[in-house]
Amino acid sequence: MISIKSVLIADEIEQECVDLLQQNGLKVDKKIKQTEAQLCELLKNYDAVIVRSATKITAKILESTAGSLKLVGRAGTGVDNIDVKAATLHGIINIFVSGPLLKNKNAGNSRSAAELTCTLILSLARHVPSAHSSMKDGKWARKDYMGEEVYGKTLAIIGLGRIGQEVASRMQAFGMKVIGFDPIVSADEAAKRNIALKQLDEIWPLADYITVHVPLIPQTKDLLNRETLKKCKAGVRIINVARGGIINESDLVDALDSGHVGGAAVDVFTEEPPTFRPLVDHPKVICTPHLGASTIQAQQRVAVEVAENIVNLNNGTGLFGALNAAALAAVLDDTKAQYVRACTSLAQILATLSKDAKNITVEFPNASNGLQKAMQAGTIVGLLQAKNVEGVNLINAEGYGSKEGITVKCEAGSGNELTIIAGDYKVRGYPSPAGTIISAINGNKIPVSLLAAGILAISTTSNSVVPEKLRPKLSVEYGLIGCGRVALFSSELTPEEISTLQNFVVVHF
């Protein structure tokens, strides 16, 4: 359905990524430190681009390369350097390699970030960096660095994706009680990992340690601020190995100065390198220079995983970590894809018959259960293709449909065929390896299987006739059982020829 043949690598990445792509027949070029203007021109010549965190893929880049660029791959955690909304609008897949834990067992750089988080929790508990510095200064100040056990303490994890869950399993081994918050994780899912799922207002007064593992988005900016810190237990310790800006740095310093927050460990900053020295220089703060993914193994894993994603997409065997392509990811298997293509073809017919097809129902057979989101997207694609809307695909169909006021609902049908319905109009058919077979229009059956291909003329009246001068181009013609007629043409018709098809509507497949 989507084929990636050429890839630009825009940031430094391990050679394993390049090797894997080239071994699978892809053209790979590496050009780093490109400006926005340079990328606007360069990416017109590539199907995909791979970035780490340095290069920003902006709305301007995505708009200028729409129609050529098909995929943006982020080798690492978080996508705040990519305009995902703009990518979706232009039908460009956005993948990253540190999505939910269950999607990819290799874990990208999640394991490394989790290990650093655990290291910082234990370092806060035992004052390891300060004690180390004291020894380097020639001191032997054992009493100054009395620590505490983490056993029995409550660890709150904000964000229960791969990294959050990895942190939980490790700190549970130290005897910590783990509570957590994640808006898309159910209480049952959390309980399977011995995590008590709670709302944020419940978490603040309970936690002895709080670690954040969420992306930096408007909803998480300054998540920990003056007001939320006041709600926390006195002496709480804060850890951030996620993104700078999730914790308000100035408010954190004030809470540290007051003693309400007992300590903090910060690997990421609002500005990097950090310019807010009161945080970096604070005696209760452990700082590291964005080391979450800085292990040899993590760099190799994310490089290989982003390449594997592209290869798997080409092979139709998987699409892990897709942020905006759920419909596409569901139909990489060709048998499933046939149902979605059938929805598109049948919707094209429906939109041609009904000029105002907005509220659509898709009745689907049991064999396509589970593909509802993909079938909705495929239906919208067909409706808009019939209106000659360009650039719409399974990735951006939902957005286009919303803009056009189209709603599509899927309902389980009683038969083995797909039926697309809009008011009094309905089209029925089924998928096949050769393409979509149309079986009925408005309840009137086609006497012989008819493939949705070429140019199809449809009449819903009983007295329509194909003009004699068009018959040399006619492939097949059938009267519908009940009322109507269909005519399939094997060669292109001119606008003048189409105008002679009185009482017919014409679909171009």
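Look at (1) in contact (Cβ under 8 Å) with a residue 24 or more places away in the chain; (2) closer than 24 Å to LEU371 by Cα and you find that ILE455 fails only one, number (2).
Residue check: ASN396 meets all listed conditions (1) surrounded by fewer than 18 Cβ atoms within 10 Å (Cβ to Cβ); (2) touching a His at 6+ places or on another chain (Cβ under 9 Å) but one, namely (1). Scanning the range 15-41 for residues that are open to solvent by 50 Å² or more (accessible area, probe 1.4 Å) and over 20 Å from ILE57 (Cα atoms) yields GLN15, GLU16, ASP19, GLN22, GLN23, ASN24, GLY25, LYS27. When each of VAL185, VAL253 is tested for being surrounded by 19 or more Cβ atoms within 10 Å (Cβ to Cβ) and in a helix (DSSP H, G or I), the lone residue that passes is VAL253.
Return yes when SER414 is over 32 Å from the mean Cα position of the chain (by Cα) and in a strand (DSSP E or B) and no when it is not. If you could, list the steps in order and put the result at the bottom.
Working: over 32 Å from the mean Cα position of the chain (by Cα): yes; in a strand (DSSP E or B): no.
For SER414, the condition - over 32 Å from the mean Cα position of the chain (by Cα) and in a strand (DSSP E or B) - is not met.
Would you mind stating whether ALA347 is among the hydrophobic types (A, V, I, L, M, F, W, C), touching a helix residue (DSSP H, G or I) at 6+ places or on another chain (Cβ under 6 Å) and either open to solvent by less than 30 Å² (accessible area, probe 1.4 Å) or on the phi > 0 side of the Ramachandran plot (or both)? Criteria met by ALA347.
In the set (1) in contact with a helix residue (DSSP H, G or I) (Cβ under 9 Å, 6 or more places away or on another chain); (2) under 20 Å from VAL79 (Cα atoms); (3) assigned to a loop (DSSP other than H, G, I, E, B), LYS221 fails one condition alone, (1). What are the residues in the range 257-280 that are among the β-branched types (Val, Ile, Thr) and assigned to a helix (DSSP H, G or I), if any? Of everything in the range 257-280, just one residue is among the β-branched types (Val, Ile, Thr) and assigned to a helix (DSSP H, G or I), namely VAL280. Look through THR407, THR379 and report the one residue that is at pLDDT 90 or above, surrounded by fewer than 19 Cβ atoms within 10 Å (Cβ to Cβ) and closer than 30 Å to LEU71 by Cα. Just a single option satisfies the conditions, and that option is THR407. List every residue pair whose Cβ atoms lie under 9 Å apart, where the two residues are 6 or more positions apart in sequence or sit on different chains, the first residue falls within the range 6-19 and is touching a residue at least 12 places away in the same chain (Cβ under 8 Å), and the second residue, located anywhere, is surrounded by fewer than 20 Cβ atoms within 10 Å (Cβ to Cβ) and of a type in the set (Ser, Thr, Tyr). What qualifies is ASP11/SER53. Going through (1) among the acidic types (Asp, Glu); (2) modelled with pLDDT under 95; (3) open to solvent by less than 50 Å² (accessible area, probe 1.4 Å) one by one, GLU308 falls short only on (3).
The residue that is nearest to the chain's Cα centre (by Cα), counting only those in the range 193-217 that are polar (S, T, N, Q) and surrounded by fewer than 16 Cβ atoms within 10 Å (Cβ to Cβ), is GLN199.
Here is a yes/no grid of residues against (1) in a strand (DSSP E or B); (2) open to solvent by less than 20 Å² (accessible area, probe 1.4 Å); (3) of a type in the set (A, V, I, L, M):
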| site | (1), (2), (3) |
| --- | --- |
| LEU450 | yes, yes, yes |
| LEU456 | yes, yes, yes |
| THR461 | no, no, no |
| SER464 | no, yes, no |
| LEU470 | no, yes, yes |
| SER475 | yes, no, no |
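Scanning the range 376-390 for any residue that is touching a residue at least 60 places away in the same chain (Cβ under 8 Å) and closer than 14 Å to GLU404 by Cβ turns up at least one such residue. A single entry from ALA242, ALA190 fulfils the requirement of being among the hydrophobic types (A, V, I, L, M, F, W, C), part of a helix (DSSP H, G or I) and buried (at least 18 other Cβ atoms within 10 Å of the Cβ): ALA190. The set of residues from the range 439-448 being open to solvent by 10 Å² or more (accessible area, probe 1.4 Å) and closer than 15 Å to LEU353 by Cα comprises ASN442, GLY443, ASN444.
The values are calculated or read from the model by the stated rules, or taken from the named source; none is laboratory data. This one's a predicted model, so the numbers in the text were calculated from it and none came from an experiment. Cβ atoms come from the backbone with ideal geometry, glycine included; neighbour counts cover every protein chain shown. Ligands, DNA and RNA are excluded from the accessible area calculation, which covers all protein heavy atoms including side chains. Shrake-Rupley method; radii C 1.70, N 1.55, O 1.52, S 1.80 Å.
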